[in-house]
1. Project the alpha carbons of the chain onto their principal axes and report the range along each, largest first, in whole Å.
2. Taking the Cβ-Cβ separation of residue 38 and residue 112 as r and a Förster radius of 35 Å, what is the calculated FRET efficiency to the nearest 0.05?
3. Report the one residue of 98, 158, 131 whose Cα lies farthest in the direction of the positive end of the charge dipole of the stretch 56-185 (charges on C-beta: Lys and Arg +1, Asp and Glu -1; origin at the Cα centre).
4. Evaluate the distance, in nm, between pseudo-label points positioned 7 Å from the Cα of residue 86 and of residue 211 along their respective Cα→Cβ axes.
5. Using the alpha carbons of the stretch 1-99, what is the convex hull volume per residue in cubic angstrom, as a whole number?
6. Just how large is the dipole of the chain about the Cα centre, in debye to the nearest 20, putting +1 at every Lys and Arg Cβ and -1 at every Asp and Glu Cβ?
7. So which trypsin sites (Lys or Arg not before Pro) in the stretch 102-172 are both in a DSSP loop and have at most 11 other Cβ atoms within 10 Å of their Cβ?
8. Which Cys residues of the chain have no other Cys beta carbon under 4.7 Å away?
Amino acid sequence: MTDTGTVKDKVELDRVAFYGRTLGEYQLFFGFDHEKFAGKRALDCPAGAASFVAEATKLGVDAVGVDPLFGLPAESLSGMGVADVAHVLEKVEEAPHLFKWDYYPSTQVLKAYRLTALRRFLHDYETGLAQGRYVHGALPGLPFPDGSFDIVLSAHFLFTYSDRLDYNFHMKSLMELCRVSRGEARVYPLLGLDARQPEFFGDLLSDLGRKGITAMVEPCGFEFQKGSSTRLILSC
């Protein structure tokens, strides 16, 4: 780990990062089994620079990613992705005590994972955009009909940015993820950038239940951010 001389109590990101993970990481976060979903529709929302869609498509999943930045030129997304990897890693290095350094033993290894995801995404982006795999859109209003997907995955956006996205945004967004799913929606992680669960988390799950959406927290067997070893499963 790099000693920056300054230790923070949260990862102080100044924007929602265009930053992505690989299929292998999604399998750990979500318990996603590509063989089970071969020939079925899966949504990554918001997809960011993740390579899930590119990799899952090659394995026979009808995968779609939606993000407010999709539609921009690949060159622009490449520049944003590289800049945001640097930005996030700088901020992670200011709060290393908030993370478990076993899966990623150093920030250099973490950087390699992020740039791998970005590279795989960019390799597929222009073709995938033309073929409809990458769709412009944003929570809490997605451009898909009801029940469009067999499963919906949402990583490192909801709860992660709860310092700037409130209860109402989360409620509308989780209901929207369920609207476009005909099966489940899975969300990971359940902590903010300070490695704490948002104060509204309990109320959110209770209120979802009152709206007919079953919400269950289950262990996921992965923990980089300390305490982030659970995912949320919504039965839609």
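We did not get these values from a lab; they are worked out from the coordinates using the rules stated. None of these values were measured; they are calculated from a predicted model. Here Cβ is always computed from backbone atoms with ideal geometry, including for glycine, and neighbour counts include all displayed protein chains.
1. Here the Cα extents, ordered largest to smallest, are 50, 42, 29 Å.
2. 0.75
3. 131
4. The answer from the label model is 4.0 nm.
5. Values: hull volume 11.6 nm³, N = 99.
Hull volume over Cα atoms, normalised by residue count, gives 117 Å³.
6. Values: 25 positive and 31 negative charges, 84 e Å.
Charge dipole, the chain, about its Cα centre: 400 debye, nearest 20.
7. On the way: sites: 111, 114, 119, 120, 133, 164, 172; in loops: 133, 164.
Hits after loop and neighbour filter: 164.
8. Among the cysteines of the chain, those whose Cβ sits 4.7 Å or more from every other are 45, 220.
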